[in-house]
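Student: Please find one structure pasted underneath; my questions will follow.
FYI, it's all coordinate maths here, none of it is from the lab. Being a predicted model, the structure only gives us computed values, none of them experimental. Cβ sites come from the backbone with ideal geometry, for glycine too, and all protein chains shown count toward neighbours.
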Amino acid sequence: MHGSNMIARRQVLKGAGVLMLSFAAPAFGQEAKKGTWPSGFANSEVDSYLTIGADNHITAFTGRVEIGTGVQTAMTQIMAEELDVDFEQITMVMGDTDRALRQGRTSASDSIQVWSHFQRRAAAEARRFMVNRAAEKFGVPASELKVEKGIVFSKSNPSKKASYAELIGSGKFELPVPKEIPMKKPSEFRLIGKPVPRVDIPPKVFAEPVFVHDIRRPNMVHARVIRPPVPGIERQMMSTLVSVDESSVKDIPGLIKVFVKGDFVAVVTEREENAICAARTLKVVWKEWSDLPDHTQIESVIRQHPGKARTVRNDGDIAAGMAKAKTKEEATYLWPYHLHGSIGPSCAVAEIVDGNLTIWSATRDPGALRTEAANLTGIPLEQVRILWREGSGAYGRNCTDDATLDAALLTQDIGRPVRVQIMREEEHGWEPKGAAHLIDISGGIDDKGKIVAYDVTTKFMGGAEGTSLAPYLIRQKKLEFAARRMGDRNGSPLYVGLENIRVNCVDVDPAIRTSLLRGVASLSNSFAHECFVDELAVAAGVDPAEFRLRHLDDPRAVALVKAMLEKANWDYRPARKQQTGNILKGRGISYARYTHGDYPGHGAAYTAWVAEVEVEASTGAVRVTRVVVAQDCGLMVNPTGCEHQIHGNVIQAVSRTLREEVTFDKSGVTSSDWANYPIATFLDVPKIDLVLIDRPEEPPLGVGESAIVPSAGAIANAIYDATGLRLRRVPFTPSRVKLALAEQGPRNG
Amino acid sequence: MAIENIALKVNGKAHTVKVEPDTPLLYILRNDLEQNGPKYGCGLGQCGACTVIMNGQSARSCVVTASMAKGAEITTLDGLGTREKPHPVQKAFIEEQAAQCGYCLNGMVMETTAFLSRNPNPTEADIRNALARNLCRCGAHVEIVKAVKRAATARG
């Protein structure tokens, strides 16, 4: 049976054969560039291993985890393809730190782009090993043998056969995975490129206990943590506790403990509803802090926030370029803080048995979190185990790791299994946010419409992540940020044929708790570029699609954009049509290529959007009526998976672009539920038409977030086409649009 | 608040639970009765992740109290169908792959089940309106609408 790690574990029989596959896994954070092998084999940890039971069923263990995008299914397809077994013959077990390895963090949409590469080679090597064993056993050359459904047989004499299970018995083998190994060609694919249904959907439809939220342990108790009253402001949460009045909860039924350590306050009860009540009732006095700058003036907040500038690109001479420009443009673009907004707030369960700590967690980095848990509790690393279970979609990082360490801390004290459930308001407040971003662009075109200057300053209010809350709250660790320079992702325009380009990146230590959110700085930088290039197109008197095509030379990008324009039936014209009436219609285009890694990064999937909108002038309401998305992600391991990911990205993008903005008061985040932070509903979903470019001979480029990157630019450009308004601050709420229309004055007919 | 005996029927089986009468039904279902279907999403009735069918109508179990559920007949996702005998709505959701992370799935399936029993022949607009207060952050809406249409057709 698929999809449930618990069931998979029961299938791993004692005495099963084991293949341990080692390859030079990139060290965490170090990207594998296409065509180069990561240098420096950092460790000899096993990267993947397979056990083969007597029934010829294979269990594959991987450190990667399923976060709702279908990676588990896609990786199973890849392995089954190269192993020459049926899809149903493999169960993939994810994220168990006892059995699987650190494959780094599941993120950056690189599970398929980077890791599938290795998984395919590993599976191909395993197959080669088996075939060689059979060749020896039968006394024939390996070329004489074929494999189907995990059974090796002689082509000329099919009755000469042996299953993988028979060939390996209960032997244990360590196989280095070579850099080069023959793999299946696209023409041979049985599974790769096929819309194999996801293995993890049926268990959820039948209410099987697959979520971390479903973990129930004997003698388990319930806990709620009461955080310092500075939601989302990590820097102000320490040394804030003044007093806790335990007598205020003395009448709560089943109260086990009020746990206080440093600034960490939690209530623990027998029953869940009592924990919730106790958390609300407990009288806690904190030092007040109310010094957060006014985030309704987010532009000035960001400008005034200290940062360190670095120039990542300086081609030519900006001043000279601007001097020869016939038309100059200048614009400031603003992206707000956004929530990840997991529908299921985070949850974890921890227990200690005979000194061994087990935590059930939906973390996307089981290996790293295991180390944090060991450090927090003082329990030796080898006695700490993280059992990964699915969580609610996180699109980056939510409070999962916080809940995980909360549970570890509490179970150590209470001596019983502890379940920590973060509440909705707590998740909204404390989840590390998608960072705000300020981008200034100035540029110019000459009298021939050539872009002669393009000057960017990009200031991203994130990129550095602190770790989970508990170690800071108990005053064990000082708050420290590992600075990561994230603001330069897609900081440079993707177009060619520009002269005099400069990109300054300003890196900051964040004021608000942030982490990577789907699209990261690529999304907000691309918004700015795609809006600005659109303005230049208008200044040059050229249709915006035509203008982009003139400035693209990557054949894949050109093919992509052309295919999309055809599907969208793009209306070529160099200027917008003036409109009257209450419903104004427009179309907008945007192109982007998601990038990984430090500047200049290396490219991932290519995506382009055409957005069609209707703007209701009387209310300012914007409706995205249709989106055409074209995507080239190289080899699509599971085309249905790709389609669904693109749909999801489109809907999230419409939500974020039109509605979403985290709000603050002087003490921190005020967004607390779905009423004050509304997200898109079924009524907001546009018609979505996809153009998927099929390139099975190319490496796979991953698809988890690339489709969101061009989104906001296309919508903004469509709003311009409809109204003549250049909206530069996301979200494009009705009140902002209405105000802008009013400021624009009477529309010319 | 004094503990009371609350009698209710869940998926055809009678239960009596000893709880304070203002205990949200969600926690009784998940903790006392070990149901996996209804989920905690907000505790405020805003997202629909906790949806069950109560006395034939959809209900958000996070804002239904034990005393409101006294004597009620409740169906949860756990009791809707099995792998061997799936409910047509469950079957449709699997066929259309109508989930990404799957956390909102319970609410979508249960609300759809209740909706189709009221309106067996919905238009697409009817479907969107019926599910407008069920939140999905992953963006599985397109597949979910297809699943509801498919289920409606299957029910005949």
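Student: Find the Rg to Rh ratio for the range A:528-603, where Rh is the Kirkwood radius over alpha-carbon pairs and Rg uses the same atoms. Intermediate results must be reported in sequence, preceding the final value.
Tutor: Values: Rg = 14.5 Å, Rh = 14.1 Å.
A ratio of 1.03.
Student: Using only the Cα atoms of the range A:427-519, each taken as one equal point scatterer with no solvent, compute I(q) by the Debye sum, divide by I(0), and report log10 of the ratio at q = 0.13 Å⁻¹.
Tutor: -0.56
Student: Lys and Arg at +1, Asp and Glu at -1: add these up for the other residues within a Cβ distance under 15 Å of B:Arg60 and post the number. Write out the running numbers ahead of the final one.
Tutor: On the way: positive: A:Arg424, B:Arg30, B:Lys39, B:Arg133; negative: A:Asp673, B:Glu111.
Charge balance near B:Arg60 sits at +2.
Student: Per the Kirkwood definition applied to all pairs of different Cα atoms, how many angstroms is the hydrodynamic radius of the range A:210-259?
Tutor: On the way: mean 1/r = 0.0704 Å⁻¹.
Radius from the Kirkwood sum: 14.2 Å.
Student: Let me ask something else. Do me a favour and compute the ellipsoid semi-axes for the range A:349-463 from its Cα gyration tensor, root of five times each eigenvalue, largest one first, whole Å. Intermediate results must be reported in sequence, preceding the final value.
Tutor: On the way: eigenvalues 421, 43, 25 Å².
Values for the range A:349-463, descending: 46, 15, 11 Å.
Student: Between the range A:542-590 and the range B:42-62, how far is it from one alpha carbon centroid to the other, in angstrom?
Tutor: 44
Student: Can you tell me the dipole magnitude for the protein assembly as shown around its Cα centre, using point charges on the Cβ only (Lys, Arg +1; Asp, Glu -1), in Debye to the nearest 20? Don't jump to the answer; show the numbers that get you there.
Tutor: Values: 110 positive and 105 negative charges, 177 e Å.
Roughly 860 debye for the protein assembly as shown.
Student: As a test of the formula, what do you get for chain A when each DSSP H run with n ≥ 4 contributes -39,500 (n - 2.57) and the sum is divided by the residue count, at 222 nm and rounded to the nearest 500 deg cm²/dmol? Show your work: numbers first, answer last.
Tutor: Values: 18 runs with 200 residues, N = 749.
So the calculated ellipticity at 222 nm is -8000 deg cm²/dmol.
Student: Using label points projected 7 Å from each Cα along Cα→Cβ, tell me how many nm separate B:Met68 and A:Ser159, to one decimal.
Tutor: Output for this residue pair reads 7.2 nm.
Student: OK, next. How much of the pair distance distribution for the range A:233-351 lies past 17 Å, counting alpha-carbon pairs only, in percent? Please report the intermediate quantities before stating the final value.
Tutor: Numbers: 5369 of 7021 pairs.
For the range A:233-351, the share of Cα pairs beyond 17 Å comes to 76 percent.
Student: Additional query: Between A:Ala74, A:Val650, A:Leu438, whose Cα lies farthest towards the positive end of the dipole of chain A when Lys and Arg beta carbons carry +1 and Asp and Glu beta carbons carry -1, centred on the Cα centre?
Tutor: A:Ala74
Student: Please report how far the C-alpha centroid of the range A:184-233 lies from that of the range A:242-274, rounded to the nearest whole angstrom.
Tutor: Here the answer is 30 Å between Cα centres.
Student: For chain A, calculate the relative contact order in percent as a whole number, restricting contacts to Cα pairs under 8 Å that are 6 or more residues apart. Could you put the intermediate results ahead of the total?
Tutor: Numbers: 1764 pairs, mean separation 101.6, N = 749.
This gives 14 percent for chain A.
Student: Give me the distance in nm between label points sitting 7 Å out from Cα along the Cα-to-Cβ direction at A:Ala54 and A:Thr625, one decimal.
Tutor: Spacing of the two 7 Å Cα→Cβ label points: 6.7 nm.
Student: Which value in nm describes the separation of the simple spin-label points at A:Arg310 and A:Val353, placed 7 Å from the Cα toward the beta carbon?
Tutor: Spacing of the two 7 Å Cα→Cβ label points: 4.8 nm.
Student: Out of every Cα-Cα pair in the range A:617-749, what percent are more than 26 Å apart? Show your work: numbers first, answer last.
Tutor: Details: 3141 of 8778 pairs.
Distances greater than 26 Å cover 36 percent of the Cα pairs.
Student: Here is a follow-up. If you build the convex hull over the alpha carbons only and average its shadow over all orientations, what do you get for the range B:41-132? Give it in nm² to one decimal.
Tutor: Numbers: hull surface 25.9 nm².
Averaged projected area of the range B:41-132's Cα convex hull equals 6.5 nm².
Student: If you average 1/r over every pair of different alpha-carbon atoms in chain B and take one over that average, what Kirkwood value in Å do you get?
Tutor: Working: mean 1/r = 0.0636 Å⁻¹.
About 15.7 Å for chain B.
Student: So what's the range A:310-354 giving for Rg/Rh, alpha carbon basis, Kirkwood Rh from the mean inverse pair distance?
Tutor: Looking at the range A:310-354, the ratio lands at 1.46.
Student: All other residues with a Cβ under 12 Å from the Cβ of B:Thr16 taken together, and with Lys, Arg as +1 and Asp, Glu as -1, what is their net charge? Each step should come with its number before you reach the end.
Tutor: Numbers: positive: B:Lys9, B:Lys13, B:Lys18, B:Lys70; negative: B:Glu4, B:Asp32.
With Lys, Arg at +1 and Asp, Glu at -1, the neighbours total +2.
Student: Please list the radius of gyration and Dmax for chain A, considering alpha-carbon atoms only, with Å as the unit.
Tutor: Here Rg and the maximum Cα pair distance are 27.4, 88 Å.
Student: Rounded to the nearest angstrom and ordered from largest down, what semi-axes does the equivalent ellipsoid of the range A:519-566 get from its C-alpha gyration tensor (root of 5λ)? Could the numbers behind the result be given before it?
Tutor: Numbers: eigenvalues 66, 56, 14 Å².
Ellipsoid semi-axes (Å, largest first): 18, 17, 8.
Student: When you have a sec, figure out the Kirkwood radius of the range B:84-156 from all distinct Cα pair distances and drop it here in Å to one decimal?
Tutor: On the way: mean 1/r = 0.0841 Å⁻¹.
With all distinct Cα pairs of the range B:84-156 included, I get 11.9 Å.
Student: Give the lysines reachable from A:Lys146 as a straight Cα distance under 20 Å; neighbours fewer than 8 places away on the same chain don't count.
Tutor: Once the sequence-local lysines are set aside, what remains near A:Lys146 is A:Lys137, A:Lys155, A:Lys160, A:Lys161, A:Lys184, A:Lys185.
Student: Among B:Arg83, B:Arg128, B:Arg60, which one shows the highest mean-square fluctuation when chain B is modelled as a Gaussian network with alpha-carbon springs under 10 Å?
Tutor: Comparing B:Arg83, B:Arg128, B:Arg60 in a Gaussian network model of chain B, the most mobile one is B:Arg83.
Student: Using the Cα centre of chain A as origin and beta-carbon charges of +1 (Lys, Arg) and -1 (Asp, Glu), tell me which of A:Ala319, A:Val637, A:Val65 is placed farthest towards the positive end of the dipole.
Tutor: Towards the positive end, the residue furthest out is A:Val637.
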